[in-house]
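Encoded as structure tokens, the structure appears first; notes follow it.
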Amino acid sequence: SVSVCAVCHPTCYTCNGPFNTNCLSCAPGNNRNLVSSRCDCKTHYYDMSNTCYVCDYSCENCTGGLNSQCSTCLTSSFRTLTSTTCPCNFGYFDGGVAVCQPCDYSCTGCVTSSTNCLSCNATNHRTMAGSACPCNAGYVDTLVAMCSSCHYSCVTCIATVSTACSTCNADRSLSGGQ
């Protein structure tokens, strides 16, 4: 019997039978790793016609003919696989990079930016106003999710201090901002 030297599969740099797909090494610079005698695309790449293409920034791995057809998501990027996409988890927004960015403390959900709120948490004494979640009257924003009550003498207060009244109860008058 005569032995014939077959050309290695295009994904292999070197191979050793019985099949041309039994890779010994992968061609450098082709974004492939040797895995069980195969040259698979590296993480964040997908194979199309023996060429590895980069996946969309939102995918950990992707398949098919589209770089945005995700097969896995990177959970440390605050993304969860939904059908074939990796949207940001609730409480985060997609800023056009792999890692989702957190929403502002005042929002329970946001889109396009941290302060473009989709919803507010009523138990934090916040109500939607356009795309923001300001504190309700009688409460002050102290730069945390939960609004604090204004001082008992105030109807409304300003800044981050509960005693800085902007309006007072009927039995009091505004004097020096308090």
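The values are calculated or read from the model by the stated rules, or taken from the named source; none is laboratory data. Keep in mind that this is a model prediction, so the values were computed, not measured. Positions of Cβ are backbone-derived with ideal geometry, glycine not excepted, and every protein chain shown enters the neighbour counts. SASA here: full protein model, heavy atoms, side chains in, ligands and nucleic acids out. Shrake-Rupley method; radii C 1.70, N 1.55, O 1.52, S 1.80 Å.
Within a Cβ distance under 13 Å of Asn67, other residues only, what is the Lys/Arg minus Asp/Glu net charge?
Counting the neighbours of Asn67, the net charge comes to -3.
Would you tally the net charge around Pro10, using a Cβ to Cβ cut-off of less than 13 Å, leaving Pro10 out, and scoring K and R as +1, D and E as -1?
Numbers: positive: Arg32, Arg38; negative: Asp47.
For residues surrounding Pro10, the net value is +1.
Let a ≥ b ≥ c be the square roots of the eigenvalues of the Cα gyration tensor of the range 1-61; is it rounded (a/c under 1.5), or, if not, prolate (a/b larger than b/c) or oblate?
Here the range 1-61 falls in the prolate category.
Met128 accessible area, nearest 10 Å², 1.4 Å probe?
The accessible area of Met128 comes to roughly 80 Å².
With the full set of protein chains in place, find how many percent of the accessible area of the chain is carbon and sulfur; take the probe as 1.4 Å. The partial results should precede the final answer.
Numbers: 5870 of 10490 Å².
Carbon and sulfur together cover 56 percent of it.
Counting only other residues whose beta carbon sits under 13 Å from that of Cys86, what net charge do I get with K and R as +1, D and E as -1?
So the surrounding residues net to -2.
Please identify the cysteines of the chain that lack any partner cysteine with a Cβ under 4.7 Å from their own Cβ.
Singleton cysteines: Cys5, Cys168.
How would you rank 27-38, 101-112, highest first, on the average number of other Cβ atoms within 10 Å across their residues? Present the calculation step by step, with values, prior to reporting the outcome.
Values: 27-38: 13.3, 101-112: 17.8.
The peptides rank, most packed first, as 101-112, 27-38.
Using a 1.4 angstrom probe, figure out how much accessible area the range 1-146 has per residue, in square angstrom, rounded to the nearest whole.
58
What label, among (1) 29, 18, 15; (2) 62, 12, 10; (3) 24, 21, 14, belongs to semi-axes √(5λ) of the Cα gyration tensor in Å computed from the structure on display?
Matching the structure shown: (2).
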